[in-house]
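I have a structure I would like to understand better, so I am pasting it below and will then ask my questions one at a time.
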Amino acid sequence: MAFQQRAALLCLFLFLHAWNVRGGVEVTTHESVEVYLGDSAEIQCRFNFTEASAIRNFFVQWFVKDKDSGSRSRIYYGKYNTVDIAVDDDTEYSGRINVTLDQHRTQLTLQEVQLSDEREFICQVNGVSAGAEESKTHLRVFAPPDAPVIKSVQSGISITNEMPSKVATCEARNGFPKANITWYRNNMPLVPSAGRVNVWTGDTVEPNALYSVQSTLEYLVVKEDQNANFSCEVSFFVPGAIRTAESSSVGITVYYPTTMVEVWRESPKGLVKEGDTVELRCQGDGNPPPSFIFSKIEEDSVSVDLESRSNVLMLQSVTRRDGGVYRCRLRDDDIQKGDMELSVKYLDPAVVVPKESEVMLKGEDLIASCNALSNLATSTVWYKDGRMVGRGNTLHLQDATYETAGEYLCEVTVPELPSLHTSGSVHIIVHGGPQLVGDEQEVHLEEAVGRSVNLSCEARGHPAPSITWIFVGSQSWHEVFSKSSEHVTRSVVSVAVNSDISAVCNTSNDFGIDVKAFSIKAIPLVTSSAPFSPAEGSGVIIVVIILSLLLLAILGSVLYFLHKKGKIPCGRSGKQAISKEKTAKDDIVVEMKNNGNGKSEDAVLLKAVNGDKNGTSEQ
């Protein structure tokens, strides 16, 4: 046992002696080698001998230094030009290292670098007589952390807080060595400042020996931070460089008191009219949004609270009475409030004067008016039978005729608000005596003997006139059509032509009469030619003259008869009622004399009755 101890001491003496003999060999290594966790590390060691004999007979050893105790452990021994090269057994590097050796260089390759490999690796070269020398390399291991994760506080932060409040946390997990965290507000770095910005940083060693770094930001918020973005940036080492990774941005909820209240009309857009549903909204500049109370300011400055939902007031089917000033105020603060004025536009139903209907006499004038109350400018247009006949509130009807009668419609619109419109109407009735349709007062016709001809008579008037017919020269006639409306009466008769015929269409109502004469010349059927007789020519002329005188006599007698009975009104008192009682039939006798040849014509007796269509009964 004593012998072994002395041998060990002798070896140590020789080793120390060789260690102290320097200058015969120079050894150089890199100060450090950087590598990613899990990769392979290559540590190179170069050396030179001053003695040539040492080049043929030297050996190399690799050692590692314990990080905690500082002691060294050999992991490799090798002698040049021999097979005496071996990796030490039973070390943590057995099976993970590979060493190459030549005259001037040795390289240690470490597979699957671990965090525990971050330590000093020592290359020792012993040239025996040349002495021994060593150099060390520090192996640095890097593991980039995960992307930083930022979380903001969920609750709101009040600007009334006097000290910085917790705003967000940031964590970068699984990195090596420890990463650094920097905070940003709107992409500008936040520098810790007493009473303004506080940053608290800590780290945790994970089971895999990697570091997780946590940082907390405390910040004295102001109102402008409501829209600010906060982020964190992690910086970490990698082989040969420093890299950074930025987190996403987060916002915070800032609480601040209300200093202004605004109220506005959300709908409808544009002008408000009666019947609309109005939505009013209220908003304050505080956060969280405050609770509001709506009210309406009455004329006596009294405020009447209204039922509302949150910050919305709904007014259904508004009327003009809903117009006025509406106020919105904080539920717990009467000082902060906002006002707005609501104007409700309206258009009352049109009022037409005269109402419903009006009776006019022919030739009279009338002014009709149409008005609708509104708080906006209006436009009025008059129509008759779909055709515009006037503009403005008044309509002038001058020198009334039967064409004047009818329905007049006034439409009142609001140009600024086309959805507001109303209308009214007046029915105009024009009273007057009959007026025959057509310009001809006397119609001349020719028809062959034995044929029939239709005579038409149409008259306008109000009340609707009656039509009677008087025939001279024929008793073979009958009415084939008769129609009477409010203003127009029409009659069509068919008469058989056997000889020359004279006919009178007599129209009458309570306001007068009108007549129309028809002369039908019978054309005989020519069977043979005969010489012209002067007596026949003169006879035809006499007949025409007699018929003309007969018609004038009939018309004069009828007018005289109606005048004597009071049926023809005088002056402008045409609106007086005329008795509907039938008068006794008057016989009108007309004597026709010859033209001097000594022969006399037969007397003709005509019984003309007002309202009797058949002046002579058909035999």
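With respect to E262, is the statement that it is more than 30 Å from N227 (Cα to Cα), among the charged types (D, E, K, R) and under 28 Å from the mean Cα position of the chain (by Cα) true? Outline the logic, then answer.
On the way: more than 30 Å from N227 (Cα to Cα): no; among the charged types (D, E, K, R): yes; under 28 Å from the mean Cα position of the chain (by Cα): yes.
So E262 fails the test.
Give the range 515-544 a look and list any residue that's among the β-branched types (V, I, T), crowded, with 16+ Cβ neighbours inside 10 Å and either part of a strand (DSSP E or B) or modelled with pLDDT of 90 or more (or both), or say none. First the steps, then the outcome.
Filtering the range 515-544 for residues among the β-branched types (V, I, T) gives 515, 520, 523, 526-527, 540-544.
Okay, now just the ones that are also crowded, with 16+ Cβ neighbours inside 10 Å, so 515, 520, 542-543.
If the condition is that a residue be among the β-branched types (V, I, T), crowded, with 16+ Cβ neighbours inside 10 Å and either part of a strand (DSSP E or B) or modelled with pLDDT of 90 or more (or both), then V515, I520 are the ones that fit.
Something else now. Assigned to a strand (DSSP E or B), buried (at least 17 other Cβ atoms within 10 Å of the Cβ) and touching a strand residue (DSSP E or B) at 6+ places or on another chain (Cβ under 7 Å), is that true of S482? Walk me through how you get there before you give the answer.
Values: assigned to a strand (DSSP E or B): yes; buried (at least 17 other Cβ atoms within 10 Å of the Cβ): no; touching a strand residue (DSSP E or B) at 6+ places or on another chain (Cβ under 7 Å): yes.
No.
State all residues of the range 160-204 that are over 29 Å from Y256 (Cα atoms) and exposed (fewer than 12 other Cβ atoms within 10 Å of the Cβ); if no residue qualifies, say none.
Residues of the range 160-204 over 29 Å from Y256 (Cα atoms): 171-181, 201-204.
G202, T204 - these are the residues of the range 160-204 that are over 29 Å from Y256 (Cα atoms) and exposed (fewer than 12 other Cβ atoms within 10 Å of the Cβ).
Here's a follow-up. If T82 satisfies all but one of (1) at pLDDT 90 or above; (2) out of contact with any Gly (no Cβ under 8 Å at 6 or more places or on another chain), what's the number of the condition it fails?
Exception for T82: condition (1).
When T91 is evaluated against the numbered criteria (1) touching an Asp or Glu at 6+ places or on another chain (Cβ under 9 Å); (2) more than 20 Å from S135 (Cβ to Cβ); (3) surrounded by 13 or more Cβ atoms within 10 Å (Cβ to Cβ), which criterion, by number, is the only one it fails?
With (1) touching an Asp or Glu at 6+ places or on another chain (Cβ under 9 Å); (2) more than 20 Å from S135 (Cβ to Cβ); (3) surrounded by 13 or more Cβ atoms within 10 Å (Cβ to Cβ) applied to T91, the lone miss is (1).
Another question about this same structure. Which of the residues spanning the range 126-155 are of a type in the set (G, A, S) and buried (at least 16 other Cβ atoms within 10 Å of the Cβ)? Full working, then the answer.
Narrowing the range 126-155 to residues of a type in the set (G, A, S): 127, 129-132, 135, 143, 147, 152, 155.
Within the range 126-155, G127, A130, G131, A132, S135, A143, S152 qualify.
Still on this model: In the range 493-514, is there at least one residue being at positive phi, surrounded by 15 or more Cβ atoms within 10 Å (Cβ to Cβ) and in a strand (DSSP E or B)?
First pass over the range 493-514, keeping only residues at positive phi: 512.
With the extra rule that they be surrounded by 15 or more Cβ atoms within 10 Å (Cβ to Cβ), the set shrinks to 512.
Still in the running and in a strand (DSSP E or B): 512.
Yes, the conditions are met somewhere in the range 493-514.
Okay, moving on. Looking at (1) farther than 30 Å from D39 by Cα; (2) crowded, with 18+ Cβ neighbours inside 10 Å, which one does S267 not meet, given that it meets all the others?
(2)
Looking at the range 116-140, which of its residues are at pLDDT below 95 and hydrophobic (A, V, I, L, M, F, W, C)?
V125, V128, A130, A132
Separate question: Cβ contacts < 7 Å: first residue at positive phi, restricted to the range 106-134; second residue assigned to a strand (DSSP E or B) and surrounded by 21 or more Cβ atoms within 10 Å (Cβ to Cβ), any location; separation 6+ or different chain. Result?
Pairs that qualify, where the first residue is at positive phi and the partner is assigned to a strand (DSSP E or B) and surrounded by 21 or more Cβ atoms within 10 Å (Cβ to Cβ), are G131/V25.
Looking only at strands (runs of 3 or more DSSP E) that lie completely in the range 296-415, which have at least 2 residues being under 36 Å from the mean Cα position of the chain (by Cα)?
Once the strands (runs of 3 or more DSSP E) in the range 296-415 are filtered for at least 2 residues that are under 36 Å from the mean Cα position of the chain (by Cα), what remains is 303-306, 312-315, 324-330, 333-342, 379-384, 387-391, 406-413.
Can you find, within the range 372-431, the residue that is surrounded by the fewest Cβ atoms within 10 Å (Cβ to Cβ) among those that are among the β-branched types (V, I, T) and within 18 Å of H462 (Cα to Cα)? Quick ask: steps written out before the conclusion?
Taking the range 372-431 as the starting set, the residues that turn out to be among the β-branched types (V, I, T) are 378, 380-381, 389, 394, 401, 404, 412-414, 422, 426, 428-430.
Narrowing further to those that are within 18 Å of H462 (Cα to Cα): 401, 404, 426, 428-430.
Working: T401: 14, T404: 18, V426: 22, I428: 20, I429: 16, V430: 24.
Once the filter is applied, the top-ranked residue is T401.
The conditions are (1) out of contact with any Pro (no Cβ under 8 Å at 6 or more places or on another chain); (2) not in a loop (DSSP other than H, G, I, E, B), and N208 fails exactly one of them. Which is it?
(2)
Let me ask something additional. Could you please tell me which pairs satisfy a Cβ distance under 7 Å, a separation of 6+ or placement on different chains, a first residue in the range 480-508 that is within 14 Å of H444 (Cα to Cα), and a second residue that is charged (D, E, K, R)?
Short answer, once both residue conditions are applied: V497/E447; V497/R451; D500/K521; C505/K516.
How many residues, within the range 92-114, are aliphatic (A, V, I, L, M) and at pLDDT 95 or above? Walk me through how you get there before you give the answer.
In the first step, residues of the range 92-114 are kept if they are aliphatic (A, V, I, L, M); the result is 97, 99, 101, 108, 110, 113.
After this cut, where a residue has to be at pLDDT 95 or above as well, the list is 108, 110, 113.
Summing the residues that are aliphatic (A, V, I, L, M) and at pLDDT 95 or above in the range 92-114 gives 3.
Please specify each residue of the range 55-88 satisfying the condition of being touching an Asp or Glu at 6+ places or on another chain (Cβ under 9 Å) and not in a strand (DSSP E or B).
K67, Y80
For the range 211-235: of the residues being part of a loop (DSSP other than H, G, I, E, B) and of a type in the set (V, I, T), which is nearest to the chain's Cα centre (by Cα)?
Step one: filter the range 211-235 for residues part of a loop (DSSP other than H, G, I, E, B), giving 220-222, 228-229.
Still in the list and also of a type in the set (V, I, T): 221-222.
Numbers: V221: 40, V222: 38 Å.
By that ranking, first place goes to V222.
The values are calculated or read from the model by the stated rules, or taken from the named source; none is laboratory data. Please read all numbers here as calculations on a predicted model, not as lab measurements. All Cβ positions, glycine included, derive from the backbone under ideal geometry; neighbour counts span all protein chains shown.
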